[in-house]
Amino acid sequence: MVPRSLASNLSKWAYVLPVVIILGVILIVPLFFTLWMSLQYMPIGKAPTFVGGQNFFRILRDPIFYHSLQKTILYAFPAVGIKAVIGLLVALFLNQKFPARGVLRGIAIIPYALPLFIVCVFFWFVYDYRGVGNFLLKLVGLTPIHWLSYQYAMPAIILVNVWHGWPFFYLGFLAGLQAIPTELYESAEIDGASPWKQFTAITLPLLAPVFLIVCSLSLMWTMGDFVTPKMMTGGGPADATLTIPIATYKIAFLLGLNYPLASAYAMTILPIFIALIYFTVKRLG
Amino acid sequence: MRRKKKNGWIISFALLLLLWIFIPIYWVLKTSFAPEEEVWGMGLPRNPTLQNFRDIFTMGQGSMAEVTGAMLSISPTIVTPLGNTLFVAVLAVFLTMLVSSIAAFNLSRFAYRGKQVVSSYILFAYVFPPFILMVPITVMMRRLGLYDSLWGLMLAHLAYTIPFATYMLRGYFLGIPQELEEAAQVDGCSRFHSFIRITLPLAAPGLVTVAIFSFVLSWGDVIFATVLLNTQERYTLPIHIGFFLWGGEIIDPGRLAATALVAGLIPAVLYIAIQRFVQMGLVAGAVKG
C-alpha cells in the first residue's frame, strides 16, 4: 500500500515539477548564489576568495548604505500612503451609482495598464523645464522649478510611482466595497446613522483585510522599485534618489563592478523583504 | 436640492479624476503629432503631422546626431527593439502558459503531501522583488552563455510570469466546479483528458487574461533588460527609449512621444480589451513596480 500511495504522490508531483524546477533555477539557485557571493572577495577579472562577513562589515560601516535605506523608506512609505488614499477615494466614488460610471471605471485603470517605463517617459515630458509641470505651476501663479533637481527629485519620482500605481489600490478597494452586504447600510440607515458614521463603522473595518494585503504587497514592490528611479533620475542628482535597488545596481554594474558587495547589499535588506513576504503570503495563502 | 448637490459633487470629482489621468497622456499624444517647431507648445498642434511616427520606423533617432553634434553615427529605428520585445514576450508567455496551466490545475484539484509547500513556494516567488536577482542572474547567464541573448532575457522573465500565472490560474480553476470533470470521467474520460476537454475551455477567459498580463509583465521589464543586454541589435524597448534622454535632456521630443505611444499602445489595448475580466486578484502583481 505504501509504495502505491508514494507512486500516486509522485505522479501528482509530475504536474508541478516543470514550474518547481524552472523557479528553482531562476529564483532559488540565484538566491543562494547571492548568499555565497556576498561572502566572497572578487577583484575584477580574478577568481573569488572567501572572506566571511567582510562585505557585511563594510556595508554596516558605510554611510551610503544607511543613506540608501533611508531613501528607500522616504520613497516607499509616502508613495504607498498616497496611493492608498487616492485609491480609496476613487473606489468610494466609483462605487456610487451614476451614469457613465462604467466608462470611468475603464478609464481609471489606464495608468496601471501602461507599463511603468512608458509612464516614466510620460513624466519626462511633465518634468521638463518646458513641460506640463511648469505649465501648471505658472497657471496657478508660481515660478517654474527644476523638477528633477536635488531638492525636488524625490517628491517628483514619488508622484510618478503614485500616478502609475494607485489603480491597484482602487481595484482592490472596489472589490472590497462590492463585497460588503448592502443590508448593513440599510439597517444603519434605519437606525439613523450618518453617512460618516456608516463609513467609519461599516466600510473601514470591513475593508481592513483588503487594505492590509494591498498595502503590504505594494509596500514590498515599491521598496523594490528599480524602474522609476532608474528611468527618471538614475539615483541622482548626486544621491537624492539613491534607493537600495539603485544602489545595488550601481555597485554591481556601474561603479565598482563589485558583485560581492552588491550581493551583500541585497542580502542585508533581504530580511526586511522576507518579513513582508511572510506576512503577505500568510494572508494570501 | 440635495440631489442637485450630489450631482455637482459627482461631476467635479469625475472631472478631477479625468484631469489627473489625462494631463500626462494628453501631453504625449499631442507632442507625437506635433511638427518640430511646435513640440513644446501647450495646445494641440496647428499643423498636426504623422511625420514622427513615420520617422521612428524609418530613421530612428536621426536628429540625435544633429542635436548632440554627431554623438552617434547609428540611428536605430524602433523596428528592431519592437521585434525583440515582442519575441521575448510571446515566447515567455507561451512557455509560461504551458507549464503554469498544468501546475495550476494540479494545485487546484489534487490533494497530496507537500502540496502546501509547493503553493507557498509559488506564492513566495510571486511576491518576491526581482531586483535582488539582478546580480546572480547576470552571473548565471554569463556562465550559461546566455548573456546578451534574447533567450536568456526570456528565461529571466519567467521569474515574473510563471509564479504570477500559476497563482492566478489556480484561483480560476478553483472557481470551476469539479463535478463537470467528474461527470466526464464517469463517461470514460481520463483525468487529464477531462482537464483538456472540460476545464480548459471553461477557463478560457481566465487563460486569456493571465496570458495578457504575463505578456505585459515581460513587455515592461526594465531590470533584466538593463543588466542582461549589451548590444544594440538586442535592445528591447525600455533600453531603446532610454537613448532619447541625453544628460537629462529630452532629445527629439516628437519622436520620443511617438515611440512611447507605440510602445505603450499594445499593452494598453490588450488591457482594455480584457477590462471586464479584470478582477482584483488578477491585477495583484501584474506590475512589480
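If you plug the beta carbon distance of B:Ile11 and B:Glu37 into 1/(1 + (r/R0)^6) with R0 = 35 Å, you get a FRET efficiency near 0.40.
The B:Leu174 and B:Gln116 beta-carbon pair, evaluated with R₀ = 22 Å, returns a calculated FRET efficiency of approximately 0.90.
Using a cut-off of 12 Å between beta-carbons, work out the net charge of the residues near B:Leu228 (Lys and Arg +1, Asp and Glu -1, B:Leu228 not included).
0
Under a point-charge model restricted to the Cβ atoms of Lys and Arg (+1) and Asp and Glu (-1), what is the dipole moment magnitude of the stretch A:56-284 relative to its Cα centre, in debye to the nearest 20?
Charge dipole, the stretch A:56-284, about its Cα centre: 420 debye, nearest 20.
Membrane-span-like helices in chain B (whole DSSP H runs, Cα extent of at least 30 Å along the helix axis, mean Kyte-Doolittle hydropathy of at least 0.5): B:2-32, B:79-109, B:150-174.
When the chymotrypsin sites (Phe, Trp or Tyr not before Pro) in the stretch A:66-141 are filtered for DSSP coil states and for at most 15 other beta-carbon atoms within 10 Å of their beta-carbon, the remaining sites are A:Tyr129. Relative to its Kirkwood radius, the Cα radius of gyration of the protein assembly as shown gives an Rg/Rh of 0.98.
Which part of the stretch A:269-285 falls in the paramagnetic zone of A:Tyr66, meaning amide N under 17 Å from the point 7 Å along Cα-to-beta-carbon? Output list for this probe position: A:269. Only alpha carbons enter this Debye calculation for the stretch A:1-126, each as an equal point scatterer, and the log10 of I(q)/I(0) it gives at q = 0.16 Å⁻¹ is -1.03. Counting every other Cβ atom within 10 Å of each residue's Cβ, A:Met232, A:Met42 order from fewest to most as A:Met42, A:Met232. Per the Debye calculation on the stretch A:56-284 with a single equal scatterer at every Cα and no solvent contribution, log₁₀ I(q)/I(0) for q = 0.08, 0.09, 0.16 Å⁻¹ amounts to -0.38, -0.48, -1.15.
What FRET efficiency, computed as 1/(1 + (r/R0)^6) with R0 = 35 Å and r the Cβ-Cβ distance, is obtained for B:Phe192 and B:Val90, rounded to the nearest 0.05? The pair B:Phe192/B:Val90 has a calculated efficiency of 0.85.
Taking a ≥ b ≥ c as the square roots of the Cα gyration tensor eigenvalues, with a/c under 1.5 meaning rounded and otherwise prolate when a/b beats b/c, else oblate, which class fits the stretch A:215-271? Oblate.
Let me make sure I get this right: for the stretch B:129-247, a, b and c are the square roots of the gyration tensor eigenvalues over alpha carbons, sorted descending. Under 1.5 in a/c it's rounded, otherwise prolate if a/b > b/c, else oblate. Which is it? Judged from the Cα gyration tensor, the stretch B:129-247 comes out prolate (a/c at least 1.5, a/b above b/c). Using a simple spin-label model with pseudo-atoms 7 Å out from Cα toward Cβ, A:Phe32 and B:Glu233 lie 3.7 nm apart.
Just add up the charged neighbours of B:Thr31: K/R +1, D/E -1, any other residue whose Cβ is under 13 Å from the Cβ of B:Thr31. With Lys, Arg at +1 and Asp, Glu at -1, the net is -2. Given all pairs of different Cα atoms, what value in angstroms does the Kirkwood hydrodynamic radius of the stretch B:84-167 take? Evaluated over the stretch B:84-167, this radius sits at 13.9 Å. Screening chain A for whole DSSP H helices of 20 Å or more along their axis (Cα) with average Kyte-Doolittle hydropathy at least 1.0 returns A:2-23, A:63-94, A:153-178, A:204-223, A:259-284. Taking each of A:Lys83/A:Lys282; A:Lys83/A:Lys250; A:Lys83/B:Lys6; A:Lys71/A:Lys197; A:Lys83/B:Lys115 in turn, the alpha-carbon distance tops 32 angstrom for A:Lys71/A:Lys197; A:Lys83/B:Lys115.
With all distinct Cα pairs included, what does the Kirkwood hydrodynamic radius of chain B come out to in Å, to one decimal, could you say? Taking every pair of different Cα atoms in chain B, averaging 1/r and inverting gives 22.0 Å. Distances between placed amide hydrogens fall under 5 Å for B:Trp246 paired with B:Ile251, all partners being 5 or more residues away or on another chain.
With both labels modelled 7 Å from their Cα along Cα-to-Cβ, the A:Thr182 to B:Trp151 distance reads 5.8 nm.
Projecting the Cα atoms of A:Gly102, A:Tyr112, A:Tyr150 onto the dipole axis of the stretch A:56-284, where Lys and Arg carry +1 and Asp and Glu carry -1 at the beta carbon, places A:Tyr150 farthest toward the positive end. Just checking the listed ones, A:Gly236, A:Gly133, A:Gly102: in the Gaussian network model of chain A with Cα springs under 10 Å, the one fluctuating most is A:Gly102. When the charge dipole of chain B is built from unit charges on Cβ atoms (+1 for Lys and Arg, -1 for Asp and Glu) and taken about the Cα centre, the candidate among B:Ala225, B:Ala268, B:Thr138 whose Cα reaches farthest toward its positive end is B:Ala268. Label positions at A:Ala193 and A:Ile73, each projected 7 Å from the Cα along the C-beta direction, are separated by 3.7 nm. Taking every C-alpha pair closer than 8 Å and separated by at least 6 residues, the mean separation divided by the residue count of chain A gives a relative contact order of 28 percent.
Values quoted throughout were computed directly from the atomic coordinates according to the rules given, and no laboratory measurement underlies them. Everything numeric here is computed off the predicted structure, so don't read it as measured data. All Cβ positions, glycine included, derive from the backbone under ideal geometry; neighbour counts span all protein chains shown.
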